[in-house]
1. Tally up the residues in the range 124-144 that are closer than 30 Å to Ala20 by Cβ and either open to solvent by less than 50 Å² (accessible area, probe 1.4 Å) or of a type in the set (Asp, Glu) (or both), please.
2. What residue, among those in the range 89-123 that are modelled with pLDDT under 95 and part of a strand (DSSP E or B), is surrounded by the fewest Cβ atoms within 10 Å (Cβ to Cβ)?
3. What number of residues in the range 124-135 are within 11 Å of Val156 (Cα to Cα) and part of a loop (DSSP other than H, G, I, E, B)?
4. If we scan the range 36-55, do we find a residue that is in contact (Cβ under 8 Å) with a residue 60 or more places away in the chain and assigned to a loop (DSSP other than H, G, I, E, B)?
5. Which members of the range 145-175 meet the condition of being hydrophobic (A, V, I, L, M, F, W, C) and either closer than 30 Å to Glu24 by Cβ or surrounded by fewer than 15 Cβ atoms within 10 Å (Cβ to Cβ) (or both)?
6. Restricting to the range 8-17, what's the tally of residues that are assigned to a loop (DSSP other than H, G, I, E, B) and either over 46 Å from the mean Cα position of the chain (by Cα) or surrounded by 12 or more Cβ atoms within 10 Å (Cβ to Cβ) (or both)?
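The values are calculated or read from the model by the stated rules, or taken from the named source; none is laboratory data. Predicted model, so just to flag it, every value in this text is computed and none were measured. Cβ sites come from the backbone with ideal geometry, for glycine too, and all protein chains shown count toward neighbours. The area values use the complete protein model at the heavy-atom level, side chains included, leaving out ligands, DNA and RNA. Shrake-Rupley method; radii C 1.70, N 1.55, O 1.52, S 1.80 Å.
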Amino acid sequence: INTTVFVPTHNVGMNGPTSALKGETKTYTVTSNAPDAVYNWTSTANITGSGNSVDITFPNKGTSIAVSCDVQSDYLENTKTTGKFVSVTIPVMTATMSGPTTVTKGSPETYTLTTNAADANITWTVSNSNDNSIAVSSDKKSAVVTFGITGNREKVNVGVISSYHEDIKNLSETI
């Protein structure tokens, strides 16, 4: 008696996004019709978890970071690979300064920084520091400047550096 053993085709597929922001964690899931599937995930990004669903954190920007999974099955007598390329970007850093452009000598004036950089390294300065004083808030998002002189085109400056955004912004307000 001749017996033919039919081995089904091994079908695999991956679900998960093809874009992420630097530092984001995304979930990827592999489907397989193999009852004994063993999953081996690889990526240059950071993989957490195992089995058919993992979380991947993308610590660096890159245009094509590969996420792949080898699905091995002894029952289906093969290993199939599935994967995606993920584009990792950095959001543009925003920074704006607001405050008065007309001031009175000796009157404290508040200048405010608005930025989306959570890791911002912020530095405030004022021109003619011998004649003008500056007091910076503890979160460095605002500064109170008292002008000892006026009419000399004084400047209030703020510098913002963000490692996450890989950017530097220098803003100034001329008085």
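1. Residues flagged as closer than 30 Å to Ala20 by Cβ and either open to solvent by less than 50 Å² (accessible area, probe 1.4 Å) or of a type in the set (Asp, Glu) (or both) within the range 124-144 amount to 1.
2. Pro108
3. 3
4. No, every residue in the range 36-55 fails to be in contact (Cβ under 8 Å) with a residue 60 or more places away in the chain and assigned to a loop (DSSP other than H, G, I, E, B).
5. Ile149, Val158, Val160, Ile161, Ile168, Leu171
6. 4
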